[in-house]
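Everything on this sheet refers to the single structure shown next.
The values are calculated or read from the model by the stated rules, or taken from the named source; none is laboratory data. All of these numbers come straight from a predicted model, not from anything done at the bench. Here the Cβ is made from the backbone with ideal geometry for all residues, glycine too, and neighbour counts use every protein chain on show. Surface accessibility is based on the protein's heavy atoms, side chains included, excluding ligands, DNA and RNA. Shrake-Rupley method; radii C 1.70, N 1.55, O 1.52, S 1.80 Å.
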Amino acid sequence: GMVSNWTKIPPPLFKKVVIVLIDALRDDFVFGSKGKQFMPYTTQVVEKGTSYSFIAEAKPPTVTMPRIKALMTGSIPGFIDVVVNLNSPALLDDNLIWQAKTAGKRIIFYGDDTWVKLFPKHFVEYDGTTSFFVSDFTEVDDNVTRHLDRVLRREDWDLLILHYLGLDHIGHMTGPNSPLVGPKLREMDNILKKIHISLLSKEEASLPNLLVVCGDHGMSETGSHGGSSEGEVHTPLLFISSAFEKRSAPLGQPEHVQQTDLASTLAIGLGLPISRNSVGNLILPVVGGKTMREQLRFVHLNGFQLSRLLQENTPAYEKDPGYEHFKIAEKSHGNWIKLYLEGNNSEILLNLGKKVLKQYLDALKALSSSLSKQVAQYDMYSMMVGTVIIMEVLLLLLLSVPKALSKRAEFEVPLSPPLFSLLFYLMCLMLCAVHVIVCTSAESLCYFCSMSWLTAVGVMMLISALMCGILSAVAKIFENSRLPPKSPVVSSSSWSEIDVLILAGTIGHVLSLGASSFIEEEHQTWYFLINTLCLMLCQELCRNNFLLKEYDLQHSTNVKQNFESIGETSECKNIDIPAASNSKLGKATSSSEFMKGSDKWISLATPWIILICCRLLRSLNQTGVQWAHRPDFGHWLTSSEHKSELSFLAAVSLLMIFFLVQRRCSLVSKIAMALGLLGVYSYRAAIGNVIFPWQRGDKDISK
């Protein structure tokens, strides 16, 4: 036209939009065999209806809250969002929900209460359901569906969001191949059918309605999510509307898009500004039914937003390939508009428009790629400074372990000599010089460089002091090793380190059961506690054997002399000393004979043997959620081709039990135990787990 529309937002393409987010919906649940079997209506719409189908790729971490952020802001959340996933604070970034509310759109939400926490005052009506009762497959979805009939009859809303959790709960409890998955998919299919038919029945000629079906993340082969496996990151994304052309050709493999592309596409569809920090691209087929001029306007808006974001985050943005491509496409777009305004409607103008559109799409892809890479850039200098401090503290702790775990539990770090040494000041000067060089040459922003110079010098002094303290501690250890050993003083405390560890481990394990993720991987807590206990026992044995050896010898000699003198006195006075005195004497003298010869080394080796056995046991059976699908020794043994190996190991184990226990048994007990162990083997052979040595291969054994 005659007036520029530069400052105006394009009008909305859809009147009402319904977003159905099915938690943990994998792409093969819709596009695979399960979809054809359990979601017939959705499959029919995808293959023959007015729809566009895509596979949306989610970036890790594939956890609900970061994925909702990605869908609504178009940005890529970081791994810190996994930490706040349990207590989701309000989302302050520019997002689609905020833009819709600002534009006067009326939004209704039912489903996972994470949305209510992220967008606390954005919905005109909502009903949140909690996601932590993972054994609830039914009520959690019924609480969403019960509102559906009433809302679909009403006209007082523009955006309806439904978040269903039942499928995710089934995945967590029973996995993706569970018989419960099919009925749940059929339930979701019926809900989508009801919504689609309702939207079609209330459609106006001027503006069509839009139904969006998506998942926030998928699920792995064990039903969990959070990682980056193909099943976890690939989710279906369906756009269903009468505005689209009916599909004539059969659907091939759906095109891959990024999950962040949804925010930009919905913003254009609802006539809203694209979120400020969005890195997503417009999904062009959704607006493909519009005129060439409108399509170019839409992709130009998206490119302008991405180039503005690049300018804010990159000093040398003009050299970025995506920015250069965008400027070229923008110039071509201007030339196309001139031809268009001249009234040229020939085939040449259409082909030229397609060429400009392709230039824009290439520019959008390059800009999005550049911005996505920047999200993954980290403040390396600040991270290195933090790592150096942590490593120095760790080294100081490791140096202190032998003394700190002794009975005195003392470790002296001489600080005053290092602080006044020449090395300390030289290190401070050198680190300050490095800090100045890094901060003056760094192109990107650095947190440590943004600190005041006084704070930075303080950090450098801390690093220097820790390093000098470590060197002093090492020097003192070498100095003490040359001196003759002193007798350690036995602590009067009745609590040993092992007692503290057992108490702390028990309390820690009980507290860990408050989180569903720890319950799924409870065995990992046990592995950690058992390994720590073994190492603590080893340290206790080493201390009793080496640190207290000399002290025990002197102590037992003194005690023996005291008992002898008491005995002589009692003989003179005819006092009867109880037998307990002999036992006390026995205990005192036994400490001097603690661990002699082979027994000493067997005792020292025992914790390490237990640690090795624990490691073998971990490989025996992979359990839990995250690693249950991985191969292990147990699966290898229980496979049909390795039945003879399993039989041999079972027989050896039962024989070892017999020989280890029979030494303290009577003849009758030995016979009873032998028959019992033989019965165990016979039972396993009868149910087909193991084989009898005399069993013929072509003949089944009697049960």
Testing SER278 on (1) buried (at least 22 other Cβ atoms within 10 Å of the Cβ); (2) in contact with a strand residue (DSSP E or B) (Cβ under 6 Å, 6 or more places away or on another chain), one condition comes back false. Which one is that? (2)
Scan of segment 328-359 for residues that are within 18 Å of ASN281 (Cβ to Cβ) and without any contact (Cβ under 8 Å) to a residue 12 or more places away in the chain, ordered by number: LYS358
Hey, among the residues in segment 185-202 that are charged (D, E, K, R) and modelled with pLDDT of 95 or more, which one's least open to solvent (accessible area, probe 1.4 Å)? ASP189
Name the residue that is nearest to SER369 (Cα to Cα), counting only residues in segment 248-291 that are among the small types (Gly, Ala, Ser), under 30 Å from the mean Cα position of the chain (by Cα) and part of a loop (DSSP other than H, G, I, E, B). GLY280
State which residue pairs qualify: first residue not small (Gly, Ala, Ser) and inside segment 671-687, second residue not in a helix (DSSP H, G or I) in any location, beta carbons under 7 Å apart, and separation of 6 or more residues or different chains. MET673/CYS665; TYR681/VAL690; ARG684/VAL690
Is it the case that some residue within segment 517-533 is modelled with pLDDT under 70, farther than 30 Å from CYS432 by Cβ and exposed (fewer than 14 other Cβ atoms within 10 Å of the Cβ)? no
Index of the failed condition, SER224 passing every other in (1) at positive phi; (2) of a type in the set (Gly, Ala, Ser); (3) buried (at least 22 other Cβ atoms within 10 Å of the Cβ): (1)
Evaluation of LEU238 against (1) open to solvent by 10 Å² or more (accessible area, probe 1.4 Å); (2) part of a strand (DSSP E or B) (one fails), failing number: (1)
Looking at LEU251, LEU284, LEU237, can you tell me which residue is in contact with a Cys (Cβ under 6 Å, 6 or more places away or on another chain), within 27 Å of ALA24 (Cα to Cα) and not hydroxyl-bearing (Ser, Thr, Tyr)? LEU237
Every residue in segment 304-357 that is among the aliphatic types (A, V, I, L, M) and within 38 Å of the chain's Cα centre (by Cα), please. LEU306, LEU309, LEU310, ALA316
So GLU245, is it over 24 Å from LEU96 (Cα atoms), of a type outside the set (Gly, Ala, Ser), in a loop (DSSP other than H, G, I, E, B) and open to solvent by 20 Å² or more (accessible area, probe 1.4 Å): yes
Condition set in contact with a helix residue (DSSP H, G or I) (Cβ under 6 Å, 6 or more places away or on another chain) and open to solvent by less than 10 Å² (accessible area, probe 1.4 Å), scope segment 30-52, selection farthest from SER369 (Cα to Cα): answer is MET39
Within segment 313-332, count every residue that is in a loop (DSSP other than H, G, I, E, B) and under 13 Å from LEU367 (Cβ atoms). 2
Scan segment 353-393 for residues that are closer than 26 Å to ALA329 by Cβ and open to solvent by less than 30 Å² (accessible area, probe 1.4 Å) and report the count. 11
Restricted to segment 66-87, and to residues that are of a type in the set (S, T, N, Q) and modelled with pLDDT of 75 or more, which residue is most open to solvent (accessible area, probe 1.4 Å)? SER75
For SER603, only one of the following conditions fails: (1) modelled with pLDDT under 75; (2) open to solvent by less than 80 Å² (accessible area, probe 1.4 Å); (3) under 44 Å from the mean Cα position of the chain (by Cα). What is its number? (1)
Just name the residue that is least open to solvent (accessible area, probe 1.4 Å) out of those in segment 634-675 that are closer than 25 Å to THR623 by Cα and hydroxyl-bearing (Ser, Thr, Tyr). SER647
Pick from segment 203-214, criterion of a type outside the set (Asp, Glu), out of contact with any strand residue (DSSP E or B) (no Cβ under 9 Å at 6 or more places or on another chain) and open to solvent by less than 70 Å² (accessible area, probe 1.4 Å), ranking: nearest to ILE161 (Cα to Cα): PRO208
Go through (1) surrounded by fewer than 15 Cβ atoms within 10 Å (Cβ to Cβ); (2) at pLDDT below 90; (3) under 24 Å from LEU185 (Cα atoms) for GLU255 and report which single condition fails. (2)
Mind listing just one residue for me: the one in segment 436-454 that is open to solvent by less than 70 Å² (accessible area, probe 1.4 Å) and within 34 Å of the chain's Cα centre (by Cα) and, of those, nearest to MET380 (Cα to Cα)? CYS446
